[in-house]
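Heads up, the thing below is written out as structure tokens.
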Amino acid sequence: METLSYFLPLVWFGILALFLFLYVMLDGFDLGVGILSLTASSEDRRGILMTSLSNIWDANETWLILMGGGLFGGFPVAYATILNALYIPIFIMLFGFIFRGVAFEFREQSTRKVVWNLAFGGGSFMAALGQGFALGAVLKGIEVDSKGHFIGTTWDWLSWQSVLVALTLIQGYVLIGSTYLVWKTTGELQETHYKTAKLASITTLIGAILITIVTPIFYEQARTRLFNGPQVYVFALIPLLGVLLIWLLLRSLDRKQERMPFVWTILLFVLTFLGLALVVFPYIIPSKITIYEAAADPSSLVIMIVMIGALIPVMLFYNLYQYVVFRGKVTGGHYE
């Protein structure tokens, strides 16, 4: 039983990390394309951007739902505390999703698309902003009592550090959205997003460097973990790999490659997740509550693993099938 109590929280931490990564990677370019739609120079170009998402974006958001359900079932204390502490960022994100969903459907039927265009682009920005604030607040740490209950204030999530994280996340979404559009579009529109991808690469790198510097300076728990033992070597390696990936990304953009910029961007997101895991683990609420303290009863975790174990392959196959079917270029509002 002690072995299960140690092993199962690790498994569920890994499952939630997988859900979060798949959501950020897949819905990240959705949000990035939505933000970029605000800069489209014509309605035809904006229509191509919307078409590139029309058949895949609903499935992408499913991973966020799975992550929320998994957190609720696997770590109920963390779910309650995080939700209580982050009401405002979460509502910002949800309102953004509502605006996006309604605008996407109504825009197709509307003869005056301006309002719905703004709602879609603005909703995408709001959703990304809410997620950035939430991530920044979690990294900063949530004030809890000895039982893990939230004891902070309504506005604890808002700080200059969380603003920095939010702006960097938005730039990351614009980057992956731009590289996705480089892959899916042609002609002048593709050339435009080669440029936006280069710009987003630089701004994302600047934000990542600032976060890397700020995190160990202002957060004692991160400083203690990152500058002791073997972690210091890994911590030193991650920024170097990040700069290398940015260089490879910029080189692929200069060479007008179509798919490799998207691949390098995904690897950047993978590296970022590894860095976050290095800072956070084994805490589910940094640096207050560990995964072992917040985990549900082992019997519940076992039942959930059986259920989710059957669902994950189905979801992965469905996502992969979508991308295979709609793998062509988007021109004139339709797939080639």
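The values are calculated or read from the model by the stated rules, or taken from the named source; none is laboratory data. Values in this document were obtained by computation on a predicted structure and should not be read as measured data. Using ideal geometry, Cβ is built from the backbone for each residue, glycine included, and neighbour counts are taken over all protein chains shown. The area values use the complete protein model at the heavy-atom level, side chains included, leaving out ligands, DNA and RNA. Shrake-Rupley method; radii C 1.70, N 1.55, O 1.52, S 1.80 Å.
List of remarks:
- Summing Cβ point charges (Lys, Arg +1; Asp, Glu -1) relative to the Cα centre of region 13-132 gives a dipole of roughly 240 debye.
- Given charges at Cβ of Lys, Arg, Asp, Glu: the chain dipole, positive-most of LEU118, MET307, LEU66: LEU118
- Whole-Hz Karplus values for region 160-169 come out as 5, 5, 5, 5, 4, 5, 5, 5, 5, 5 Hz, taken residue by residue from phi with 6.51 cos²θ - 1.76 cosθ + 1.60 and θ = phi - 60°; glycine and proline positions read x.
- Note on region 87-138: Kirkwood radius taken over Cα pairs, Stokes-Einstein applied at 20 °C and 1.002 mPa s, translational D equal to 194 µm² s⁻¹.
- Per residue of the chain, the DSSP helices (runs of n ≥ 4 H) give a summed -39500 (n - 2.57) that works out to -27500 deg cm²/dmol at 222 nm.
- Taking every Cα-Cα distance in region 242-328 and sorting them into 10 Å bins starting at zero, the pair-distance distribution P(r) comes out as 14, 22, 32, 22, 9, 1 percent.
- Phi-based couplings in Hz for region 89-96 (Karplus 6.51, -1.76, 1.60; Gly and Pro marked x): x, 5, 5, 4, 4, 5, 4, x
- Residues whose amide H comes within less than 5 Å of that of ILE289, counting only those at least five positions distant or on another chain, are ILE284 (H built at 1.01 Å from N in the peptide plane).
- Sulfur and carbon atoms: percent of accessible area, the chain [1.4 Å]: 71 percent
- Contact order normalised by residue count of region 1-335, Cα under 8 Å, 6+ apart, percent: 25 percent
- Rounded D (µm²/s) - the chain, Kirkwood Rh over Cα pairs, Stokes-Einstein at 25 °C, 0.890 mPa s: 118 µm²/s
- Relative to the longest principal axis of the Cα atoms of the chain, the long axis of helix 43-54 lies at roughly 40 degrees.
- Around GLY68: net Lys/Arg minus Asp/Glu count, Cβ-Cβ under 14 Å: -2
- Reachable lysines from LYS256, criterion Cα separation under 24 angstrom, eight or more residues apart if same chain: LYS184, LYS195, LYS198, LYS329
- Charges were assigned to the Cβ only: +1 to each Lys and Arg, -1 to each Asp and Glu. The resulting dipole of the chain about its Cα centre is roughly 780 debye.
- A 1.4 Å probe run over the chain, with the rest of the protein chains in place, finds 48 Å² accessible per residue.
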